[in-house]
Amino acid sequence: MKHGLFKNKYGHFSTDGKEYIITNPITPRPWVNVLSNKDYGVVVSQLGSGYSWKTHASLNRLTRWEQDLVRDDWGKYIYIRDNDSGQFWSAGYKPVSVKPDFYECCHGIGYTRIISQNQKIQTELTIFVPPKDSAEIWLLRIKNLSQQKRHLSIFTYLEWCLGEAPDSHREFHKIFIETDFHPDRDMITAQKRLWTIPNKKGQHWNMDWPYVGFHCSSQPVESFTCDKESFLGLYQGLQNPQALRQESLNGQMGKWNDSIASLHVHAVIDGLSENTVVFTLGLTSTKKQAESLSKKYRDPQSAFTELENVKKFWDPYLSTIHIDTPDPAMNLLTNVWYKYQAISGRIFGRTAYYQSGGAFGFRDQLQDSQIFLPIDPSLTRKQILLHAEHQFKSGLVYHWWHPLSEVGSPSRHSDDLLWLPYLVDFYIKETGDWDILKDSVAYIDDKKKDTLFAHCQKAIDFTLKRMSPRGLPLILEGDWNDGLSAMGSAGKGESIWLGHFLYGILTSFADISSRVNRTALSKKYIRCAEKLKTAINKYAWDGSWYIRGTFDNKKVMGSKKSKEGKIFLNAQTWAVINKTAVKDRGLTAMKSAEKYLMREYGPILFYPAFSKSDESIGYLSRYAPGVRENGGLYTHAGTWAVIAECMLGHGNKAWDIYKSMCPIDRAMNPDLYKAEPYVTSGNVDGPDSPNFGRGGWTWYTGSGAWMFRIATDWILGIRPEYDGLLVDPCIPSAWKGFSLTRTFRGIRYDIEVSNPKHVSQGIKSVHIDGKSIQGNLLPKKSSKKRHTVSVVMG
């Protein structure tokens, strides 16, 4: 494709926006795709490197991988050898790294396709995960572009991990792996006699890995090996392995190797003809199941069919809500990539390149599940109930927990538990499903079930017990900012951000309580909220902004008297978002944030960065200045600045902040930004870093769902309330209008907003199917399933 959207020196989007096409493989950092079908997953880079897992990318890794974003030379590879000349190359750029005559990597929704041309042979490798199989497909199409018949050998290569990753003590772990070859299936299988998670007796290191790894070919296997040394050669590497200089592989397998899987097949291709080979990699519970999948994908047509099924799998996630604004970048990211990042990367996969994960974070995946609200809210509901199950009867929750083992870490972070009622509130606003509050859910330490309402109440009440003598919430070992890990470790330090957040939780759950006839509890929470608001404004106002908190020794964090860390973003934005600021303090606080924190590459978390490690602060101060939470943009928090500006009616300011974080815009200077143009960065270096503007920690960041939400709910302003769908845009005044289509409680709304007077906020009129309505709240019930809504701003 010669023409595409948002072209830079490394690539561009396809015209429909659903693919990012990399034309130069030497991108500033690995640009990856996260493929997942909810359980099995693959991360693959533009070079063809990456890893595979099932359920948990750290506890149940299928293939070995080492995190090295400079070399990016660990993965699962395909070598192509010309048997006549002896020359060889790889289907991806790695591992051979021969400069191809042509190279293109296309990251699509649910698949990655790498096209490479070497020695008049073109290979097209499509990697994807079928929707219902615990496997990945490597669909390899080989085209002979010459007139002569070509005799080729194809070799695959991967290293078995089979369990916990990284298996850095490889000399230990390799002695538990055993491999076998099944000639009737052209398949290698691998099993491991050790898994590090506890067995039923609670014993560690005393159970089998309960799966069978398998790797097979659709074409007859000429030779194979399961031994790393015989493939690479002693003291040699993947770029020029010994096996590619030998006629065939040695057929070694068993229990006594450093186990790999390598299959060798022949391909004889006439001039100007092509051949297709399908390689399958996966894991199953039994060898019989592995044989079944091997049989399925012996027919290449099954692979093509499943590739179409992948596209069908993703279509409902992408098509349910759609926007059309004057900004093509916002349209593309909101309609496609923010959704895909949050769902595939953060909820299904929970892993990527900058962080190999697999656990559920109590606060993390709850926030991520907001992405489902206008798409399929039943999935948000499912996530809420899952997290409620990981709460203790006291109200305390796990900070994170591991699926498969269910081992978790009881939270010493002060905010984790409050995200449960936070998400319940937004779920009910979206769905009107008040019955969720009656759902029965057990606790970690008590299998006797309680209602979800009780779970939420316990979270709030437990927080109200953890207040300072001044009536402010304790920060403990961190609030939302994990890096403030020592401020309140003795149980005395206070968090002003948490005060703002708790105030909003109290008022919203008071409203919920009132609506379900829990009047006494509602009144109690209102009293607590007002008392908290008074304390915040009495003790936390610093003259021009709110302080961030206090240490155990009562020292203030985030004051104009502070040499470093003078002003913090979250303490200002949430004062506006949750309306804890009195009089004009919210406006004043945001003006201070604009002065010190709003930078050309996004709003930084605080300023100035800490230049020295400080044990009283925590690990945040140990980051280099300007990096991540130490004075950089943390995109997650940056999105909240957009909400605050929208609440103040500052459409142009909100838009400027949004655009400063927009990955497409940032990637128009790719050598500065470095990160992928199609997903958000978790962080961007701040002004105290010599790499000011450098992005990182992509994919595995909660900012994907939040960037989606600030676009639809706050800038475009179409957001659910208990009694209807609110239309309250806060857009750049230069816009002439926009449209948005979404479903709300079973009703499809086609909303067209015009802005003839070029204002940022304010509604002049609303018409539904040509009839004027009072106000700007679309009804929650209707006899019709679809409505056309015309809105005029002014």
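The values are calculated or read from the model by the stated rules, or taken from the named source; none is laboratory data. Here the structure is a predicted model, which is why all the values come from computation and not from measurement. When we count neighbours, we look across all protein chains shown, and the Cβ atoms used for this are built from the backbone with ideal geometry, even at glycine. All accessible areas refer to the heavy atoms of the entire protein, side chains included, with ligands and DNA or RNA removed. Shrake-Rupley method; radii C 1.70, N 1.55, O 1.52, S 1.80 Å.
Observations on the structure shown:
One line per residue, one yes/no per condition, for (1) closer than 22 Å to GLN370 by Cα; (2) open to solvent by 10 Å² or more (accessible area, probe 1.4 Å):
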residue	(1), (2)
HIS413	yes, yes
ALA442	no, yes
LEU452	yes, no
THR463	no, no
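- Condition met for ASN118 (polar (S, T, N, Q) and in contact (Cβ under 8 Å) with a residue 60 or more places away in the chain): no
- Residues in segment 631-690 that are polar (S, T, N, Q) and surrounded by fewer than 24 Cβ atoms within 10 Å (Cβ to Cβ): ASN652, SER660, ASN669, SER689.
This table checks each residue for (1) free of Cβ contacts under 8 Å to residues at least 60 places away in the same chain; (2) under 25 Å from ARG113 (Cβ atoms).
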| site | (1), (2) |
| --- | --- |
| LEU158 | no, yes |
| GLU164 | no, no |
| PHE172 | yes, no |
| ASP184 | yes, no |
| LEU194 | yes, no |
| PRO198 | no, no |
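- Enumeration of residues in segment 297-318 that are open to solvent by 60 Å² or more (accessible area, probe 1.4 Å) and part of a helix (DSSP H, G or I): GLN301, PHE304, THR305, GLU308, LYS311, LYS312, ASP315, PRO316
- Within segment 323-374, being open to solvent by less than 10 Å² (accessible area, probe 1.4 Å), touching a helix residue (DSSP H, G or I) at 6+ places or on another chain (Cβ under 7 Å) and part of a strand (DSSP E or B) holds for one residue alone: ILE323.
- Within segment 492-550, being part of a loop (DSSP other than H, G, I, E, B) and among the hydrophobic types (A, V, I, L, M, F, W, C) holds for VAL516, ALA540, TRP545, ILE547.
- For segment 761-779, the set of residues classified as open to solvent by less than 60 Å² (accessible area, probe 1.4 Å) and hydrophobic (A, V, I, L, M, F, W, C) consists of ILE763, VAL766, ILE768, ILE773, LEU778, listed by residue number.
- Residue within segment 712-724 that is crowded, with 24+ Cβ neighbours inside 10 Å, hydroxyl-bearing (Ser, Thr, Tyr) and assigned to a loop (DSSP other than H, G, I, E, B) present: no
- Restricting attention to segment 76-115, the residues being assigned to a strand (DSSP E or B) and free of Cβ contacts under 8 Å to residues at least 60 places away in the same chain number 5.
Yes/no matrix, rows are residues, columns are (1) at pLDDT below 95; (2) under 16 Å from LYS255 (Cβ atoms); (3) part of a strand (DSSP E or B):
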site: SER153; (1), (2), (3): no, no, yes
site: LEU162; (1), (2), (3): no, yes, yes
site: ILE175; (1), (2), (3): no, yes, no
site: ARG185; (1), (2), (3): no, no, no
site: GLN191; (1), (2), (3): no, yes, yes
site: TRP195; (1), (2), (3): no, no, no
site: GLY202; (1), (2), (3): yes, no, no
site: PRO220; (1), (2), (3): no, no, no
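- Scanning segment 746-760 for residues that are within 14 Å of GLY724 (Cα to Cα) and either exposed (fewer than 14 other Cβ atoms within 10 Å of the Cβ) or without any contact (Cβ under 8 Å) to a residue 12 or more places away in the chain (or both) returns a single hit, GLY746.
- When ALA589 is tested against (1) in contact with a Lys or Arg (Cβ under 9 Å, 6 or more places away or on another chain); (2) of a type outside the set (Val, Ile, Thr); (3) surrounded by 19 or more Cβ atoms within 10 Å (Cβ to Cβ), just one condition goes unmet, and that condition is (1).
- Top-ranked residue in segment 752-784 [being assigned to a strand (DSSP E or B) and within 19 Å of THR431 (Cβ to Cβ); ranked as modelled with the lowest pLDDT]: PRO779
- Just one of the numbered conditions (1) without any contact (Cβ under 8 Å) to a residue 24 or more places away in the chain; (2) acidic (Asp, Glu); (3) touching a helix residue (DSSP H, G or I) at 6+ places or on another chain (Cβ under 9 Å) is not true of GLU594: (1).
- Only one of LYS132, LYS120 that is within 22 Å of GLY86 (Cβ to Cβ), of a type in the set (D, E, K, R) and surrounded by fewer than 23 Cβ atoms within 10 Å (Cβ to Cβ): LYS120
- Which numbered condition GLY251 fails, given (1) assigned to a loop (DSSP other than H, G, I, E, B); (2) surrounded by 20 or more Cβ atoms within 10 Å (Cβ to Cβ); (3) small (Gly, Ala, Ser): (2)
- Any hit, segment 182-196, residues being farther than 30 Å from ALA359 by Cβ and of a type in the set (Asp, Glu): yes
- Restricting attention to segment 489-507, the residues that are over 21 Å from ALA637 (Cα atoms) and either open to solvent by 10 Å² or more (accessible area, probe 1.4 Å) or under 30 Å from the mean Cα position of the chain (by Cα) (or both) total 6.
- Within segment 200-211, residues that are touching a residue at least 60 places away in the same chain (Cβ under 8 Å) reach partners that are open to solvent by less than 50 Å² (accessible area, probe 1.4 Å) with beta carbons closer than 8 Å, at six or more positions or on different chains, in the pairs PRO210/TRP195; TYR211/LYS54; TYR211/ASN60; TYR211/LEU162; TYR211/LEU283; TYR211/THR284.
- Residue count, segment 11-40 (criterion: assigned to a loop (DSSP other than H, G, I, E, B), open to solvent by 20 Å² or more (accessible area, probe 1.4 Å) and either small (Gly, Ala, Ser) or more than 24 Å from GLY282 (Cβ to Cβ) (or both)): 8
- Beta carbons closer than 8 Å, at least 6 apart along the sequence or on distinct chains, pair a first residue in segment 213-234 that is at positive phi with a second that is surrounded by 19 or more Cβ atoms within 10 Å (Cβ to Cβ) and not acidic (Asp, Glu) for GLY233/PRO241; GLY233/ALA243.
- Unmet criterion (only one of (1) surrounded by fewer than 17 Cβ atoms within 10 Å (Cβ to Cβ); (2) more than 21 Å from LYS38 (Cα to Cα); (3) hydroxyl-bearing (Ser, Thr, Tyr)) for SER405: (2)
- TRP209 modelled with pLDDT of 95 or more and open to solvent by less than 60 Å² (accessible area, probe 1.4 Å): yes
- Condition check for TYR422: aromatic (Phe, Trp, Tyr) and within 26 Å of PRO374 (Cα to Cα): yes
- Being crowded, with 21+ Cβ neighbours inside 10 Å and either within 21 Å of TRP74 (Cβ to Cβ) or among the aliphatic types (A, V, I, L, M) (or both) is a property that PHE155 has.
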